[in-house]
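Nothing in this text is a laboratory measurement; each read-out follows from the coordinates by a stated rule. Worth saying up front: this structure is predicted, and the values here are computed from it rather than measured. Ideal geometry is used to build each Cβ from the backbone, glycine not excepted, and the neighbour counts take in all protein chains shown.
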Amino acid sequence: MVPRLSLSHPLAVMDRMEQGRKSNVIRIQGGIIYLPAEKESINTVRTEWQAMKSQADQAMRVGDFVLGELRYKKALVTALPVEGKESSAVAQLLQDLGDCSMRQNNKGEAARYYKRCLDIQQKRLGPEHQFLDPVINNLASIAQEAGDLAEARNLYSRLLQIRTRVLPSTNSDYKEAVMNLKSLKKGARAEKRLTRIGKP
């Protein structure tokens with residue numbers, strides 16, 4: 001029988017695991033507990049986190065974002081020991097949690113998940129892989145809304161580089177990236193003019 005998981009914040013759990021370690025840790029409660037790495041136990045845990053993710057996906061489809069978040073968190077903490085903290089499975093769950101936080105208008109929490117997801121995915125896939133597109137786009141949007149225009153410009157520039165490689169110039173997503181970047185640059189120029197006017 002697989003022990004119950006604590007409800008520790010999944011990012012805190014990740015921080016407590018050794019860098020890149022893949023093990024059969026299946027409970028973190030007052031310390032990290034390791035159990036024998038038996039194939040049957042690992043398969044059981046893998047089946048459990050995948051079922052939790054399916055439940056979360058279903059909750060999101062019907063608009064129950066609170067339940068979705070809870071299920072994604074449980075799935076992530078369950079998946080970490082058997083998949084490894086830098087696996088594609090963990091990155092996907094982090095992206096799911098970011099999306100869930102966005103739907104609940106919790107942009108700060110969403111950014112934390114997206115940044116951790118991006119760290120994993122760019123190490124695995126490279127800095128300009130098309131799979132990074134949605135995470136970079138969301139981080140750029142969050143930065144822009146928060147008033148961090150320099151960060152937003154950097155992210156939108158990176159997004160445009162990705163979309164230039166994989167999309168035709170007639171594609172709506174490509175055009176959107178171009179317009180977002182132009183809008184930010186125009187705003188930055190206007191801000192500089194106002195700053196110059198305001199100087200004595």
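Some values worked out for this structure:
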item	result
Nitroxide proxy distance, nm - points 7 Å out along Cα→Cβ at SER88 and GLN161	2.3
Distance (nanometres) between label positions extended 7 Å along Cα→Cβ at SER169 and ALA51	5.4
Estimated distance in nm for a label pair at ASN106 and SER183, the labels positioned 7 Å out from Cα along Cα-to-Cβ	2.7
Estimated FRET transfer efficiency when R0 is 25 angstrom, pair ASP148-LEU125 (beta carbons, to 0.05)	0.50
Charge tally in the Cβ shell below 9 Å around TRP49, where Lys, Arg are +1 and Asp, Glu are -1, TRP49 excluded	+1
Peptides ranked, highest mean first, by Cβ atoms within 10 Å: ranges 45-53, 178-186	45-53, 178-186
Extension gain from HIS9 to LYS115, taking 0.36 nm per residue of separation minus the Cα-Cα distance	36.6 nm
